[in-house]
Each structure stands twice: as structure tokens, then as C-alpha cells.
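Colleague: Below is the structure I would like to discuss, written out as C-alpha cells.
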Amino acid sequence: IAWTVVRNRSSTAQKTVDYKPIRSVLVANRGEIAIRVFRACTELGIKSVAIYSEQDKMQMHRQKADESYLVGKGLPPVQAYLNIPEVIRVARENDVDAIHPGYGFLSERSDFAQAVIDAGIRFIGPSPEVVRQMGDKVAARQAAIDSGVPIVPGTAGPVTTTEEAMDFCLQYGLPVIFKAAYGGGGRGMRVVKNMDEVKEAFERASSEAAAAFGNGAMFIEKFIERPRHIEVQLLGDKAGNVVHLYERDCSVQRRHQKVVEMAPAPLLDQKVRESMLEYAVKLAKHVGYENAGTVEFLVDGQGNFYFIEVNARLQVEHTVTEEITGIDLVQSQIKIAEGLTIPEIGLDQSKIVPQGFAIQCRVTTEDPAKNFQPDTGRIEVFRSGEGMGIRLDGASAFAGAIISPYYDSLLVKVIAHAHDLQSSCAKLSRALREFRVRGVKTNIPFLLNVLDNQKFTTGVVDTYFIDEHPQLFT
Ligand code: ADP
């Protein structure tokens, strides 16, 4: 196909990297992110391959790929996508060149990245060693320390006993936050404000972590009061070049999980911004980071910032960065996995300039009036908001779609791109008001309350915002 020419190696490569085109990509995932990757593949003239569980036989991601194969026959719904030998078997039987892990499922499992490579298939992501290092909160913090990046004071290693937890709290003072040493997604996390809560909180968080991640080891950090969550998007290549694609603000969270994300971060001091971007690139270069990744920071009211973690994968909120930079992150990931360098894919730090302002909200099939309980069933009526500056990334957002209880409740990501924060809020709010969804409940009323909130629309929000505004739930 003619347009694959743009992916041919140019003669300006700085360092020699083996270049081998990718002709087919299997996405070891489902739903909206699988479709997001298939779209990038199709635009690059690459064959897309889906996998699906028995429960997902009728899911849209299956239809959007050139080929699709059943995985994990007889396994429970989530396990089907977590079975490494099964995913590798399907990939080998169908001769795929590369595997994209999406987010969630196997995306942060270094044993998966290794198994993919051992099977002679390319992994679209960082090296297994970097995935392992970044997935281990203690090792990731060490990498940050080694590259001079400021971190939140925390335990030097994983903590497994209540006594060690007590010692840390006595030494550093409260409040602290307990985190699963090998976890993520806000699970296994507990904030502790009083000494008499330490024992119980530690035990509960640790058993939650053991159940969710197979390891109850905890990691303890000083709790930063009223922080903003600001993260830097990076792209690195096999030659050691790293560029940043500016930052996102993901401070609007419920239970430490992101609800609304935006780029760039509003009201952020330019010096603080530049310093965070610089540190993020430094860290990535230090660990030899390849492919797309995110360095997450907490920023306090005084403009002090602290590294919290690296997400060694594509994130749900990558869309807002794509909107403001005009760079397709998934296509960039694929090209980097082929062996093209940052300059060869046409990226030059000085020419990556953010344009306007983008916001994403995650429309879920959850009922805000019932404490965000997931709703399931058949979507009877579906109309979406459209128009200038609106992007929809979804998988089961159509009339007739069955929302099953087996997987996460994301229905569609709605992204608005406009001139500034206020106009993006107005656009997103307008688009959400155009939605008509009948048959299942959604969180749209809650999202509209957020978008109508004056603190939100003027950019003065931190991670306490949702908790401090219970009126948003009604
Ligand atoms: P996960 O890997 O589970 O996503 P993170 O370390 O990224 O966990 O933290 C998720 C969220 O939890 C942060 O965005 C922030 O709101 C809160 N959080 C994490 N660490 C701290 C801390 N030390 N102080 C205050 N809030 C924190």
C-alpha cells in the first residue's frame, strides 16, 4: 500500500537500530482500547487481529478487527484475557508480528512482555525489564532517586508487617498512605490519619493487595495534602531518544481513580511545568525507556512536586494529549516497535507544540444516584453528542449493545478539544447533553454536574474535589 512508504527508514538515523516492518498486530485486550489500536493499524496498512472471550462473542471489538479468535475457552471472563499461554498460542497460530497489550489486563506484566518476545513476536511497549522495574513501586522510586527526580518520602523497601508500618508512621508522622507494592488502579490503597488506625488499615490494605495482586507487600508514603495529579506523556525509541508530549491533569478522581482528564494542566506555573517535563525525560532516559509511557507526579499547593509512579503503557487518557499535540500515540508506538527512531517518525521536541485545550470524561454504565453501582442490560436507545471538536472512543455505545457485568463499566470516552478550558468545558457539556441512553443508567448526570461546577471550569481543583462536593452525585 502506498502510504506504508512513510514508515520506510530514512537515511538520517542517528544510531543504528534494526528496522523491521510490522505487518500484523494482535491486541491482547478488549473493548474501546482494542478498537483504538485497530484503527491505528488500519491507517498504517497493518492487519489487525482481535482476541475475544466466550462472553465477548458479540462484542464490537471483534467486528472492528480484520481477524478475530476465541481465547480461554471454558475460562471465566477476565481470566480469558489474562491467560498468557493462550494469547501466545493464538498469536503464533496466526503468524502475528506484534502484540499490543492496551491498558489493564496483561499490559503491566513483565512476564507477558517476556513471553511475547520469547515467542519471536514484538511487544509494543517497553522492554520486559523496564516493565518489571516500573511495576514495582519500590524499584521505580529508586530509579527516580537515581536520576535526581524528587519523590514523596516513603519506605525504602516493601513492608510486610504491622510493626514496620508503625515504625514508619512514628518516624515520619501522619498522615500516610499505604499502597500495594505491586499494585495499581487505586486498589489496596488506604490513607491513615490517626495512629490507632494503623494496625487495622495496614491489615486490610495488605489483604486487599494479596487478593488483587497476589502479593500483600505494602509500600508506605507520606500523604500529600490537597495535591493535584499531573502526569507527563513520553515517547522513547530504541536509540535512546526521548521526547515529552506535555502534561495532563487528572486531579478529578473518585476513590483514587481518574474520572475527568485534561491537557494541558490549567493554572500550572510555567517554571513548575518545565521542571516536571525535564525530570520526566531524565527519568525515562535513565532507565532506557522505550515506547509510550507516563511519569506521574503529585503537586502541592506551594508548587512542590513529587514523583509517584511510572505507567509503562498507554493510558486511558492518552486521547487528550493526542488532541492538543496532533500526534497519534498508538501509531507512534507501532512505528517505534518497528525500530524507527523519534526523528524518523517526524517528531522533534522543539516542534511539538500544544494547541488549545482538551478534556476527556469517562462515560460509564454506573448509577451515580446509587453510589456508582454498575448497571447492566441491553441499551435500548442510543444517541451520542457530536459536532466540532468532539471525539468518541468507545466499543459498546450503540442501540442493541449488551452491557455485561463481566468487565469494567466504561461505555465511551468523550473528548472535547477547543480553544481553552472554559470553551472545552462548554463543548463537552453540550455534547453530553445531546446524549440519549436508555436501557442502562450512566454517570452522565454526575459528569454534567462536574462540568457545570465553577471551581472546575476555572481550573482550581485538586484530588479532594469530588469528595468535598457531594452535591455532584445528585
Ligand atoms: P495507582 O497505581 O493505584 O493508580 P498511584 O500511586 O498512581 O496509584 O496513585 C493514585 C492516586 O492516589 C493519586 O493520583 C493521588 O490522588 C492518590 N495518591 C497516591 N499517593 C499519594 C500521596 N503520597 N499523597 C496523596 N495522595 C496520593
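Just so it is clear, none of the values below were taken in a lab; they were calculated from the coordinates. The shown structure was predicted, so the numbers you read here are calculated from the model rather than taken from an experiment. In this analysis, Cβ positions are derived from the backbone assuming ideal geometry, glycine residues included, and neighbour counts consider all displayed protein chains.
Colleague: Of all GluC sites (Glu not before Pro) in the stretch 209-258, which ones are in loop regions per DSSP and have a Cβ with at most 13 other Cβ atoms within 10 Å?
Modeller: Answer in residue order: 225.
Colleague: Run the numbers for residue 142 and residue 422: contour at 0.36 nm per residue of separation, minus the present Cα-Cα distance, in nm.
Modeller: Details: separation 280, 0.36 × 280 = 100.80 nm, distance 3.93 nm.
Gain on extension, residue 142 to residue 422, equals 96.9 nm.
Colleague: Counting alpha carbon pairs within less than 8 Å and at least 6 residues apart, what relative contact order, in whole percent, applies to the stretch 386-474? Intermediate values should be presented prior to the final figure.
Modeller: Details: 73 pairs, mean separation 22.0, N = 89.
Value for the stretch 386-474: 25 percent.
Colleague: What are the extents of the Cα atoms of the stretch 275-384 along their three principal axes, listed from largest to smallest and rounded to whole Å?
Modeller: Its Cα atoms span 48, 39, 28 Å along the three principal axes.
Colleague: I need the chymotrypsin sites (Phe, Trp or Tyr not before Pro) found in the stretch 440-473, filtered to DSSP loop residues with at most 14 other beta carbons within 10 Å of theirs.
Modeller: Details: sites: 446, 456, 464, 465, 473; in loops: 464.
Within the stretch 440-473, the qualifying chymotrypsin sites (Phe, Trp or Tyr not before Pro) (loop, at most 14 other Cβ atoms within 10 Å) are 464.
Colleague: Mind putting a number on the dipole of the chain about its Cα centre? Charges go on the C-beta only, +1 for Lys and Arg and -1 for Asp and Glu, and I need it in Debye to the nearest 20. Each step should come with its number before you reach the end.
Modeller: Details: 54 positive and 59 negative charges, 213 e Å.
Using only the charged Cβ atoms, the result is roughly 1020 debye.
Colleague: From a point 7 Å beyond the Cα of residue 20 in the direction of its Cβ, which residues of the stretch 337-378 have a backbone N at a distance under 14 Å?
Modeller: 337-340, by backbone N distance to the label point.
Colleague: Which of the listed residues, 416, 456, 270, is farthest toward the dipole's positive end in the chain, when Lys, Arg count +1 and Asp, Glu count -1 at the beta-carbon?
Modeller: Result: 416, furthest along the dipole toward the positive end.
Colleague: Next question, about the same structure. For the stretch 233-279, what is the Kirkwood hydrodynamic radius in Å, using each pair of distinct C-alpha atoms? Each step should come with its number before you reach the end.
Modeller: Details: mean 1/r = 0.0817 Å⁻¹.
After inverting the mean inverse Cα-Cα distance, the result is 12.2 Å.
Colleague: So which of 137/282; 222/413; 137/222 end up more than 22 Å apart, counting from Cα to Cα? Let's see the in-between values first.
Modeller: Working: 137/282 18 Å; 222/413 33 Å; 137/222 14 Å.
Result: 222/413 exceed 22 Å.
Colleague: Which value results when the Cα radius of gyration for the stretch 77-172 is divided by 2.2 N^0.38 Å? Before the final figure, lay out each step's value.
Modeller: On the way: Rg = 17.9 Å, N = 96, 2.2 N^0.38 = 12.5 Å.
So the Cα radius of gyration is 1.44 times the expected 2.2 N^0.38 Å.
Colleague: Expected output is a single nm value to one decimal: the length gained when fully extending between residue 402 and residue 203, i.e. 0.36 nm times separation in residues minus the C-alpha distance. What is it?
Modeller: Full-extension gain reported as 67.8 nm.
Colleague: From the backbone phi of the stretch 79-94, what are the Karplus-calculated ³J(HN,Hα) couplings (6.51 cos²θ - 1.76 cosθ + 1.60, θ = phi - 60°) in whole Hz, Gly and Pro given as x?
Modeller: Rounded to whole hertz, the list is 4, 4, 8, 9, 8, 4, x, 5, 5, 5, 4, 4, 5, 5, 4, 10.
Colleague: Now for a different question. Given the DSSP H assignment, sum -39500 (n - 2.57) over each helix run of at least 4 residues in the chain and divide by its residue total; what's the result at 222 nm in deg cm²/dmol, nearest 500? Don't skip to the answer; put the middle values down first.
Modeller: Values: 16 runs with 154 residues, N = 474.
The helix-only estimate for the chain comes to -9500 deg cm²/dmol at 222 nm.
Colleague: Taking amide hydrogens as modeled 1.01 Å from N in the peptide plane, which residues meet the under 5 Å criterion relative to residue 254, leaving out close sequence neighbours?
Modeller: So residue 254 has HN proximity to 259.
Colleague: For the stretch 368-474, what percent of Cα pairs sit more than 18 Å apart? It would help to have the intermediate numbers written out before the result.
Modeller: Working: 3017 of 5671 pairs.
In whole percent, the long-distance tail amounts to 53.
Colleague: Something else about it: Determine the principal axes of the Cα atoms in the stretch 14-54, then give the extent along each, sorted from largest to smallest and rounded to whole angstroms.
Modeller: Its Cα atoms span 45, 18, 15 Å along the three principal axes.
Colleague: Please report, in whole Å³, the volume per residue of the convex hull around the C-alpha atoms of the chain. If you can, show how the numbers build up before the last one.
Modeller: Details: hull volume 68.2 nm³, N = 474.
Cα convex hull per residue, to the nearest whole number: 144 Å³.
Colleague: Using the 10 angstrom Cβ neighbour count as an exposure proxy, how do 66, 420 rank, fewest first? Intermediate results must be reported in sequence, preceding the final value.
Modeller: Numbers: 66 14, 420 11.
With the sparsest Cβ surroundings first, the list reads 420, 66.
Colleague: Full-extension gain between residue 54 and residue 226, please, as 0.36 nm times their residue separation minus the C-alpha to C-alpha distance.
Modeller: On the way: separation 172, 0.36 × 172 = 61.92 nm, distance 4.40 nm.
So the extension gain works out to 57.5 nm.
Colleague: Same structure again: Would you mind listing how long the stretch 130-185 runs along its three principal axes, going by Cα atoms, in whole Å with the largest first?
Modeller: Principal-axis extents of the stretch 130-185 (Cα, largest first): 32, 23, 18 Å.
Colleague: Using only alpha carbon pairs under 8 Å that are at least six residues apart, calculate the relative contact order of the stretch 139-254 and give it in whole percent. Each step should come with its number before you reach the end.
Modeller: Working: 175 pairs, mean separation 27.7, N = 116.
Reported as a whole number, the value is 24 percent.
Colleague: Hey, can you grab everything whose amide H is under 5 Å from the amide H of residue 367? Only 5+ residues off in sequence or another chain; H modelled, so Pro and N-termini drop out.
Modeller: Under 5 Å from the amide H of residue 367: 372, 373, 375.
Colleague: Also, quick follow-up: For the stretch 463-474, what does the Karplus curve 6.51 cos²θ - 1.76 cosθ + 1.60, with θ = phi - 60°, yield as ³J(HN,Hα) per residue in whole Hz, taken in order and with x for Gly and Pro?
Modeller: Whole-Hz 3J(HN,Hα) from phi for the stretch 463-474: 6, 8, 3, 5, 4, 8, 10, x, 5, 5, 7, 10.
Colleague: Calculate log10 I(q)/I(0) of the stretch 83-135 for q = 0.19, 0.22, 0.29 Å⁻¹, where I(q) comes from the Debye formula with a single equal point scatterer on each Cα and nothing for solvent.
Modeller: The calculated log intensity ratios at q = 0.19, 0.22, 0.29 Å⁻¹ are -0.55, -0.74, -1.23.
Colleague: Between residue 162 and residue 275, what FRET efficiency comes out of the Förster formula 1/(1 + (r/R0)^6) with R0 = 41 Å and r the beta carbon distance, rounded to 0.05?
Modeller: So, using R0 = 41 Å, E works out to roughly 0.60.
Colleague: Which one of 133, 119, 105 has its Cα pushed farthest toward the positive end of the charge dipole of the stretch 68-165, where Lys and Arg give +1 and Asp and Glu give -1 at the Cβ?
Modeller: Among 133, 119, 105, the one farthest towards the positive end of the dipole of the stretch 68-165 is 105.
Colleague: Rounded to two decimals, what ratio of Rg to Rh does the stretch 206-294 give with C-alpha atoms and a Kirkwood Rh?
Modeller: On the way: Rg = 15.8 Å, Rh = 15.2 Å.
Looking at the stretch 206-294, the ratio lands at 1.04.
Colleague: Can you tell me, using C-alpha contacts under 8 Å and at least 6 residues apart, the relative contact order of the chain as a whole percent? Walk me through the intermediate numbers first.
Modeller: Values: 1015 pairs, mean separation 68.2, N = 474.
Across the chain, relative contact order equals 14 percent.
Colleague: Under a point-charge model restricted to the Cβ atoms of Lys and Arg (+1) and Asp and Glu (-1), what is the dipole moment magnitude of the stretch 189-294 relative to its Cα centre, in debye to the nearest 20? Walk me through the numbers before you get to the answer.
Modeller: Numbers: 16 positive and 16 negative charges, 17 e Å.
Dipole about the Cα centre, nearest 20: 80 debye.
Colleague: Then there is this: Please grab the % of Cα pairs in the stretch 145-245 that end up more than 25 Å from each other.
Modeller: Working: 1478 of 5050 pairs.
More than 25 Å apart: 29 percent of the Cα pairs in the stretch 145-245.
Colleague: Please quote Rg/Rh for the stretch 213-353 to two decimal places, taking the Kirkwood radius as Rh and restricting both calculations to Cα atoms.
Modeller: In the stretch 213-353, Rg relative to Rh is 0.97.
Colleague: With viscosity set to 0.692 mPa s at 37 °C, what whole-number translational diffusion coefficient in µm²/s follows for the stretch 8-119 from Stokes-Einstein and a Kirkwood radius over Cα pairs?
Modeller: Working: Rh = 14.6 Å.
Stokes-Einstein gives a translational diffusion coefficient of 225 µm²/s.
Colleague: Using only Cα atoms, figure out Rg for the stretch 282-328 and give it as a multiple of 2.2 N^0.38 Å. Mind showing how you got there, number by number?
Modeller: On the way: Rg = 12.6 Å, N = 47, 2.2 N^0.38 = 9.5 Å.
So the Cα radius of gyration is 1.33 times the expected 2.2 N^0.38 Å.
Colleague: Counting other Cβ atoms within 10 Å, keep those with at most 10, restrict to DSSP loop, and tell me which GluC sites (Glu not before Pro) in the stretch 296-337 are left. Before the final figure, lay out the partial values.
Modeller: Numbers: sites: 296, 309, 317, 322, 323; in loops: 317.
Here no loop site has a sparse enough neighbourhood.
Colleague: Using the count of nearby Cβ atoms within 10 Å as a rough guide to exposure, how do 189, 134 rank from fewest to most? Present the calculation step by step, with values, prior to reporting the outcome.
Modeller: Numbers: 189 19, 134 25.
Going from least to most buried by this count: 189, 134.
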